[in-house]
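The values are calculated or read from the model by the stated rules, or taken from the named source; none is laboratory data. Computed from a predicted structure; not experimentally measured. Here the Cβ positions follow ideal geometry from the backbone for every residue, glycine too, while neighbour counts run over all protein chains shown. The area values use the complete protein model at the heavy-atom level, side chains included, leaving out ligands, DNA and RNA. Shrake-Rupley method; radii C 1.70, N 1.55, O 1.52, S 1.80 Å.
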Amino acid sequence: MLISYRKNLDRIIFLSMMSFFVLPVLATIYQALAYSFSLQCLAIVISTQIMFVMDTVEMNMRFHSQQAAYEKARYEAEHDGMTGLLNKEAGWKHMRKYFDRMDSHDEAMLMFVDIDDFKTINDTYGHTVGDFWIREVASQLRHIYRHDDIICRYGGDEFIALIRNTASEQVLETTLGMFFQQLARASEQHGQDVHCSVGVCRIAAADGASLGTGSADGDAIGSVDFDQCVAQADLALYETKRFNKGTFTVYNYDRSQPAPANIRA
């Protein structure tokens, strides 16, 4: 255990603890070979080794307990307690980090997912049922999309998902088709009319220079602005909910348009 923790200990502490174990043993072996066993010395060595083992075991337990507490605190700080998805702050952080690293050859799709008429569901069936559908939608999104995609609970009955490394319309239609079918199946099974609307901002690979390369007027060529992408996905969701609930609307990302000032943050 001590050797396994070597990287977590200062060199002086590691050497001193090792010497506490090694030196008495070596001295005992030398005494036995050169002279004879001394019961008193042997008893002292054995007792010190027992103390060493007990202290090391306790250190091991304390270390793992602290590590588990740290991991639990970090998980709870980054995840939504109801759905187990990333919360808004953590999801936003991971998405911005991904956007910052995108270049002109990268593709992605940013989606807003909203449970339609959620207030009516709460009013009709109660908040317990409403919470069930929030968890159900989260579970289906997590099941359909890949482990390295970023899905978070945006707040209330809304979710946002970043599908990385693809802007394929076929992938979008297939995955959302599966999502709508599974939700319809669950809705029918529970005898409740529950469906979702989706707004998508599709970011296709850009032609020309890579991100961060300045043009003559100082603007980046082919750059992708996260806030602008969120705004376009939000507008696509608004259009879906206004004209055709229970489906999805896709906006192709437009690099020429500035991000609106009234971004949802």
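Summary of values
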item	result
Residues that are of a type in the set (S, T, Y), outside any loop (DSSP other than H, G, I, E, B) and open to solvent by 50 Å² or more (accessible area, probe 1.4 Å), drawn from the range 21-46	Y30
Any hit, the range 47-69, residues being in contact (Cβ under 8 Å) with a residue 40 or more places away in the chain and within 20 Å of D149 (Cα to Cα)	no
Selection status of A186, over 22 Å from the mean Cα position of the chain (by Cα), outside any helix (DSSP H, G or I) and of a type outside the set (D, E, K, R)	no
Residue match in the range 220-227 (condition: assigned to a helix (DSSP H, G or I) and either modelled with pLDDT of 95 or more or closer than 28 Å to M102 by Cα (or both))	yes
Criterion (free of Cβ contacts under 8 Å to residues at least 40 places away in the same chain and among the acidic types (D, E)) met by exactly one of E78, E107	E78
Any pair with Cβ under 8 angstrom, 6 or more apart, that starts in the range 168-181 at a residue that is in contact (Cβ under 8 Å) with a residue 12 or more places away in the chain and ends at one that is open to solvent by less than 20 Å² (accessible area, probe 1.4 Å) and part of a helix (DSSP H, G or I)	F179/Q140; F179/L141
Test: residue in the range 53-63 that is open to solvent by 50 Å² or more (accessible area, probe 1.4 Å), more than 20 Å from M17 (Cβ to Cβ) and assigned to a helix (DSSP H, G or I)	no
Top-ranked residue of the range 228-254 - restricted to ones that are surrounded by fewer than 16 Cβ atoms within 10 Å (Cβ to Cβ) and outside any helix (DSSP H, G or I), ranked as modelled with the lowest pLDDT	D254
Members of the range 61-75 that are closer than 21 Å to F14 by Cβ and charged (D, E, K, R)	R62
Test for M102: is it under 19 Å from the mean Cα position of the chain (by Cα), crowded, with 16+ Cβ neighbours inside 10 Å and among the aliphatic types (A, V, I, L, M)	yes
Exclusive hit being at pLDDT 95 or above and surrounded by 14 or more Cβ atoms within 10 Å (Cβ to Cβ), set A167, A138	A138
Pairs, first at pLDDT 75 or above in the range 1-29, second not in a helix (DSSP H, G or I) and not aliphatic (A, V, I, L, M), C-beta under 9 Å, six or more apart	F14/Y5; T28/F37; T28/S38
Exclusive hit being acidic (D, E) and more than 30 Å from L15 (Cβ to Cβ), set E78, E58	E78
Subset of the range 97-116 that is at pLDDT 95 or above and not hydrophobic (A, V, I, L, M, F, W, C) - its residue that is nearest to F159 (Cα to Cα)	D114
Lone unmet requirement of (1) more than 26 Å from R96 (Cα to Cα); (2) surrounded by 20 or more Cβ atoms within 10 Å (Cβ to Cβ) for F180	(2)
